[in-house]
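Since the structure comes first, as structure tokens, the remarks are kept for the end.
All of the numbers you see were taken from the coordinates with simple rules; none came from a lab. If you're wondering where the values come from, they're calculated on a predicted model, not measured in any experiment. As a convention, Cβ positions derive from the backbone with ideal geometry for all residues, glycine included, and neighbour counts pool all protein chains shown.
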Amino acid sequence: MGIISVEKANNLLWLGRYSERVYTTIRMFYVQFDKMIDSENDEYSEFCHKLNIPVIYSSNEDFISSYIFDKENPDSVISNLMRANDNAIVLRDEIGTETMSYLQLCLSAMENSKNATAPLMALQNVLDMMLAFWACADDYIIDPEPRNLIKTGRSIERIDLYLRLGTDEHTLFSEYQKLTGRIARSGIEYHEIALVRFSYLIQCEKEDHPETDDDALRKTLIDVLETLTDY
């Protein structure tokens, strides 16, 4: 795949996936938080089941704290941000120091948010820094291959999260269209049959088989998406 090694391609793809995971899960978490603040019931188990992560939390408050800020929790938002940063560090030559610095600012904003008076409001700074990181990557990474690998990872992760957490069909199809363009330009080896099958399922399955269960269809789409690359 050109001059980029398989190892660096893996790093670039997962830099895109982890950074997108942080951004989208924070945005989706705000919706979940609105349910939790007005309820004494367990409002986090369904969220965990959708993301396929273990339900290890004792209360809504424990979930809010641990899922967002606990570095020892491998499923937490900050753990995923740290993984994104780890990938960025080894990609300094490919993405540039300035691009990498925005991800480090994102990590600092995340750590500062934990001690803020209103931590969830402070998380907006994390979202802003992540957007700045992506904008810098788009503007300053000259080689199109690394850019498209990061964007491919972002699209794969965003589609995965949209399928798990739920979004409308128009938004999902729009993201699928972005993925098809990005993965073709990335230079990455991918399973074309899986992409064709995903295309059929997302466009035709409900039309051809209206009795298809939505949850079953989403699970099938997730399974196919996971076979798209070997990275």
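A few remarks follow.
- Projecting label points 7 angstrom from Cα along Cα→Cβ for Asp75 and Lys50 puts them 1.4 nm apart.
- D_trans [Stokes-Einstein, Kirkwood Rh over alpha-carbon pairs] for the chain, 10 °C, 1.306 mPa s, µm² s⁻¹: 85
- MRE, 222 nm, helices only [DSSP H, n ≥ 4, -39500 (n - 2.57), over the chain, to nearest 500]: -25500 deg cm²/dmol
- Note that the range 181-197 has calculated 3J(HN,Hα) couplings of x, 5, 5, 5, 8, 6, x, 6, 7, 9, 8, 4, 4, 5, 5, 5, 5 Hz, one per residue in order, obtained from phi through the Karplus relation 6.51 cos²θ - 1.76 cosθ + 1.60 (θ = phi - 60°); glycine and proline are x.
- Each Lys or Arg adds one and each Asp or Glu takes one away; over the other residues whose Cβ falls under 13 Å from the Cβ of Pro144, this sums to -1.
- Virtual spin-label span in nm between Asp139 and Cys204, 7 Å along Cα→Cβ: 4.4
- For peptides 139-147, 117-125, sequence by mean Cβ density within 10 Å, most packed first: 139-147, 117-125
- Under 20 Å from the Cα of Lys50 - lysines, other chains or at least 8 residues apart: Lys35, Lys219
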